[in-house]
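Notes follow the structure.
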Amino acid sequence: MLLSSNVTDVKPGFSLELSGDLREMRDWVHEFAASVIRPAASEWDEREETPWPILQEAAKIGLYSLDFFATQFFEESGLGTPVAYEELFWGDAGIGLSLVGSTLAAVAVVANGTPEQVGEWCPQMFGDASDVKLGAFCSSEPGAGSDVAAIRTRAVYDEAADEWVINGVKTWATNGGIANVHVVVAAVDPDLGSRGQASFIVPPGTPGLSMGQKFKKHGIRASHTAEVVLDEVRVPGRCLVGTREKLDERLARVREGHRGGEQAAMKTFEASRPSVAAMAVGVARAAVEFAADYSRQRTQFGRPIGQNQGVAFQLADMQAAIDAARLLTWRAAWMARQGKPFEHAEGSMSKLVAGETAVRVTEQAIQILGGNGYTRDYPVERWHRDAKIFTIFEGTSEIQRMLIGRAITGLDVR
């Protein structure tokens with residue numbers, strides 16, 4: 001893929017105009033979403049299986065690759081990832097999540113790991129066109145969803161063997177059990193709660209790791225979601241994300257009553273929130289575009305239904321809400337890339353607003369289509385089913401509100 005462009009780049013200073021490279025990338029991803037993803041969306045939603053042929057097609061053109069996602073992740077404005085994700089999820093959320101699901105595991109290693117770990121393990125989460133691979137980030141548990149401190153999966157260091165022994169059950173893991181590389185959050189000192197946790201890389205073929213229940217979901221059904229069972233899983237000492245020295249230093253500070261830095265899972269989630277917000281924006285945009293087109297073509301009482309204020313005003317609110325969500329998303333992504341702290345929980349704001357917008361807008365799209373919108377002959381009912389996940393995973397809307405509330409009041413909101 002060529003990222004160069006003949007389009008003149010934007011001038012320095014404040015601008016909401018994307019650079020020429022980003023516009024070219026956006027159009028390239030959109031073309032794949034329109035020609036490959038969207039035509040296959042209904043089939044894979046019904047099959048409830050990982051769309052391996054689409055992953056392979058994406059890998060052939062370099063879209064499903066570590067190089068592509070790394071390029072967008074490190075793009076200087078911070079907008080590479082949200083722009084790409086919006087287009088993929090405009091195509092379909094389930095297939096889109098299958099295409100980007102490995103990136104959460106990669107981000108966990110990039111955010112907390114050593115350069116050597118990034119170089120060794122991240123490529124194994126994607127593979128290449130001839131051998132597509134997957135990564136899985138495993139944090140949630142049956143008794144620990146929003147309450148990350150309640151994680152019970154335990155990692156114990158066997159000094160004689162220089163191995164970590166991991167036992168526990170993870171749930172709601174995208175690509176769980178079928179991934180080549182799993183990144184698992186576990187407690188190394190349960191008495192310290194979330195501050196006593198660390199992340200571990202489980203290499204391909206490690207004995208003791210197996211897939212538990214595969215979930216049948218309301219939406220995003222082309223994305224594999226399952227339990228991961230860890231029974232006496234032994235991984236080399238070097239598979240602790242980060243280093244043993246840094247972990248010991250952090251735990252010592254916490255035990256002495258000092259701050260221990262960001263918890264591994266929460267650091268990963270915070271980094272990913274603008275990306276998740278962009279996914280929601282893509283689904284919402286698909287819905288408003290489809291509903292607007294339908295309103296121009298559907299005739300009742302001798303005129304297009306879009307001429308009725310009851311429909312046109314709904315579309316106006318839908319479009320305004322989507323644009324507002326996108327701006328919050330871009331702001332958070334830009335801040336993260338520039339290293340600016342989220343002093344008002346801007347990452348949480350973007351996910352909260354975008355997720356709630358996607359649910360509301362897709363429901364309004366169904367209403368505009370009427371009975372047609374309630375059938376599987378039209379895609380809006382699928383988009384509505386898909387949208388709900390954005391108010392749940394990687395931090396529920398309630399958790400986002402709590403984090404925002406803490407940020408703006410300075411109080412320990414619970």
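The residue of region 377-405 that is surrounded by the most Cβ atoms within 10 Å (Cβ to Cβ), among those that are in contact with a Phe, Trp or Tyr (Cβ under 8 Å, 6 or more places away or on another chain) and of a type in the set (D, E), is E394. Among the residues of region 296-336, those identified as closer than 30 Å to Q400 by Cβ and surrounded by fewer than 16 Cβ atoms within 10 Å (Cβ to Cβ) are F313, A316, D317, A320, D323, A324, L327.
Filtering region 167-195 to residues that are more than 14 Å from L230 (Cα to Cα) and among the β-branched types (V, I, T) leaves T174, V188.
From the list S98, S102, pick out the single residue that is closer than 20 Å to V241 by Cβ, surrounded by 24 or more Cβ atoms within 10 Å (Cβ to Cβ) and of a type in the set (S, T, Y).
The conditions single out S102.
Selection over region 286-309 of residues that are of a type in the set (G, A, S) and either outside any helix (DSSP H, G or I) or more than 35 Å from the chain's Cα centre (by Cα) (or both) gives a count of 1. I need the full set of residues from region 64-74 which are surrounded by fewer than 21 Cβ atoms within 10 Å (Cβ to Cβ) and outside any helix (DSSP H, G or I), in order please. Residues satisfying the conditions are S65, F74.
R382 passes every criterion in (1) in contact with an Asp or Glu (Cβ under 8 Å, 6 or more places away or on another chain); (2) not in a helix (DSSP H, G or I) apart from (2). Among the residues making up region 237-278, those that are under 15 Å from I201 (Cβ atoms), in a helix (DSSP H, G or I) and either at pLDDT 85 or above or hydrophobic (A, V, I, L, M, F, W, C) (or both) are G237, R238, C239, R244, L247, A264, A265.
Is it the case that region 86-96 has a residue that's in contact with a strand residue (DSSP E or B) (Cβ under 6 Å, 6 or more places away or on another chain) and at pLDDT 95 or above? Looking for residues that are in contact with a strand residue (DSSP E or B) (Cβ under 6 Å, 6 or more places away or on another chain) and at pLDDT 95 or above, one finds none in region 86-96, hence no.
Quick grid of which residues meet (1) surrounded by 23 or more Cβ atoms within 10 Å (Cβ to Cβ); (2) within 18 Å of Q117 (Cβ to Cβ); (3) touching a helix residue (DSSP H, G or I) at 6+ places or on another chain (Cβ under 9 Å):
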{"position": "A161", "(1), (2), (3)": "no, no, yes"}
{"position": "A173", "(1), (2), (3)": "yes, no, no"}
{"position": "P190", "(1), (2), (3)": "no, no, yes"}
{"position": "P207", "(1), (2), (3)": "no, no, no"}
{"position": "L230", "(1), (2), (3)": "yes, no, no"}
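The criterion of being of a type outside the set (G, A, S), without any contact (Cβ under 8 Å) to a residue 40 or more places away in the chain and either within 19 Å of D248 (Cβ to Cβ) or assigned to a helix (DSSP H, G or I) (or both) does not hold for V165.
The values are calculated or read from the model by the stated rules, or taken from the named source; none is laboratory data. Just so you know, these numbers come straight off a predicted model, no measurement behind them. Glycine gets a Cβ as well: all are built from the backbone with ideal geometry, and neighbour counts include every protein chain shown.
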